[in-house]
1. Can you find a residue in region A:118-131 that is touching a residue at least 12 places away in the same chain (Cβ under 8 Å) and either of a type in the set (F, W, Y) or surrounded by fewer than 17 Cβ atoms within 10 Å (Cβ to Cβ) (or both)?
2. Given the conditions (1) more than 8 Å from chain B (Cβ to nearest Cβ); (2) within 15 Å of A:G32 (Cβ to Cβ), which single one is not true for A:C178?
3. For region A:163-174, which residues satisfy the criterion of being within 11 Å of another protein chain (Cβ to nearest Cβ) and surrounded by fewer than 23 Cβ atoms within 10 Å (Cβ to Cβ)?
4. Given the criteria more than 12 Å from A:V165 (Cβ to Cβ), modelled with pLDDT under 90 and in contact with an Asp or Glu (Cβ under 7 Å, 6 or more places away or on another chain), does A:G12 qualify?
5. Among the listed residues A:L220, A:L182, A:L234, A:L256, which satisfies the condition of being within 22 Å of A:G68 (Cα to Cα) and touching a strand residue (DSSP E or B) at 6+ places or on another chain (Cβ under 9 Å)?
6. Taking the residues in region A:126-162 that are among the basic types (K, R) and part of a helix (DSSP H, G or I) as candidates, determine which candidate is nearest to the other protein chains (Cβ to nearest Cβ).
7. Looking at the structure I just gave you, is A:R227 of a type in the set (K, R) and crowded, with 16+ Cβ neighbours inside 10 Å?
Amino acid sequence: MSAVSARGLTLGRSLVDVSFDLPLGSCTAVLGPNGAGKSTLLGLLSGVLLPDQGAASVLGPVSYLPEGLPLDSLLRVRDVVSLVKRLPGWEPRVADPLLTAFELPMRKRVNALSQGQRVRLGVALVLGRRARTYLLDDPFLGLDPMVQVIVERAIADRAADATMVVACQHAAAAERLCDHLLFLRKGGLQWCAPVDAWRERFRRVRISGNVDAVHELGELALLVERRGSRLEALLDDPAGVAEARLRVAGAVVESLPLPLDELLMAVAA
Amino acid sequence: MSQLGTLHHFPRAQADRSISPDELRSAEPLDVPASQPDMAEIGGGESLRLGAALTIRSRWPLMAIISVISLVVAQGLTDTADWVQQSAHGVLMLMVAAFGLIRGLDGQGPTLAFWRGLGVRPASFELGVVGVDLLFMGALLFFASRVTDAPVLTLLGAGLALVAYGFGSATRGAASSEGGRAALVMAMVSVMLTGTALSFLASYGHVVLALLMQMGIIGAAGVLSRVLLSDWAPQTAAVRQQRRGHAVWLGCALSGLLVIPVQFFDGMPESTAAVPDAAGLFVPDRDPMSGKQLWRVGADGEPERLSLRGRVLFPEPGPHRSAAFFHKDLGAVASMLVREDQGREQSRGSLTVRDGVHFAMITAGGEAITCDGPLLSGSTAFDADGMGATRTLSSGEVWRLDGDGCRLRVEEGDP
């Protein structure tokens, strides 16, 4: 069963003909370079933005954290918290520890908060409400590493019984948290699949022995770099035939870990 | 942080260079509730209450400042000179209008995205915002009407406030910046004033009435469009890189032109409680604000309307009820019964400052007879048949006004 699905979602040039399905209970990281359409996608899924074409359906109730937490600058933090607390679904069990951990200045006006404090406030308010689907746009923006850990834990906690869509620039955090990846580039959907599928398709290998065997790879090699007498190659190998070809050609092949951020950089390039 | 649960839902969680999955995992297992305790969507009532509460919490300083100034200004409305009272009243009305404009232009920015993203229903939310704004403006106007004795000016203030709020509201989808929207408001004012002028010229209507009607129509249309279009998000236009938003503002401005046919076809009220005076002229009670308020019993016994062109002073019920008006040709006041308390008369709604009481009359034939220049303070005695009057000035001069004209009486008892 899909908790989030999009069909031909289009808005201006920011997002063009994007279709996907995200299973119930999944945590999906929306990744891509700046201007790829991540915020637009989450805005459309939340209903804050209206598509030119296509449609999206999201299992509700939805809790959406817009990028940078735009709020009326005259409001004080305590006012915002107080207003959100009145809405159905507020869970003190989750929200109160977050508000305490984030050490938010309750008397300050929202416009006096730093970027990181705004994000913390937004995360506490959005995750403090019980929803079936959470849409978080850059929940790590401007956070220091310690707070980021707390936010990651909170997201992980909520994701245990909800569907989570997290747009972010932190591939490492996405890798830790999510089981699905959705990669956007220039407004188009490049890839949407479970992390497993990414790992099966994209691999980094070290080639030694007959390094000339790398020519057997053809388009299967996204990137080849020389490391002394050896080569390291990033493979886009959906059929899983690349390593066999290399070995047949006399090369020694050794698998290497492939961090997601490196993979994304290579794919984006 | 044990309350935050575990990561056991994520079998795919990968090892990381800086934080391991173990670090993310809490000591205690996640306490997943067996049932979903509260998964209700945010309803219309909750959205409405949120809109109202948000408005109060974010705008209470503005409301407080205006309330305090109103109280201070109200002090100027008692036991002071006429001009002070009039100025204070004007300031009070302008403040309500300014509040209306500020609140009309306010909002509909990206700040609403957060609330909408939580599942708040936009129309109900907006209704809550509009409700608080209008309630506050209504309270200010009620206060003004209680502390002052100028219902017409209060009514104009209400119209001005509503139209300012409506104008601001109608431009919400037209431009992203408040400066751009303010420019559109000016365009709407131009359209409205053009409509007022057309209405007045086309129907011999009362310019103030035409203006009030337009204010009501455009203000209501603006507020209605604000609520109905609350689903429209300016961010969508921004993402589309649209330079222009929708043109609802123009539709609202043009809707004010409805006043032209309404005024043109406006006829005699079905029944009037007014009794024609001796000259056959009367003011229908049910048409108190109309410029067509001076009626005459014609030769056939049927009421007929006198075409008035000029600014009408509003009559007051009572023994001196009359339809006083500036006669267009002579530029002077013509009146069956001239009121001498000019200060009070001005505060009742005249927008014209007069140097003195002009003494004039209109005959049963509709002819206006005026005296040259103002006849300053004195007393007026009207003939029993209503066909003439004698005015004795405090200087001792006695003026006679009747069907033969206006002249200085040189000998007592000699007209």
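The values are calculated or read from the model by the stated rules, or taken from the named source; none is laboratory data. Here the structure is a predicted model, which is why all the values come from computation and not from measurement. In this analysis, Cβ positions are derived from the backbone assuming ideal geometry, glycine residues included, and neighbour counts consider all displayed protein chains.
1. No: zero hits.
2. (1)
3. A:H170, A:A171, A:A172 - these are the residues of region A:163-174 that are within 11 Å of another protein chain (Cβ to nearest Cβ) and surrounded by fewer than 23 Cβ atoms within 10 Å (Cβ to Cβ).
4. Yes: the conditions hold for A:G12.
5. On inspection, the qualifying residue turns out to be A:L182.
6. By that ranking, first place goes to A:R153.
7. Against the criterion (of a type in the set (K, R) and crowded, with 16+ Cβ neighbours inside 10 Å), A:R227 does not qualify.
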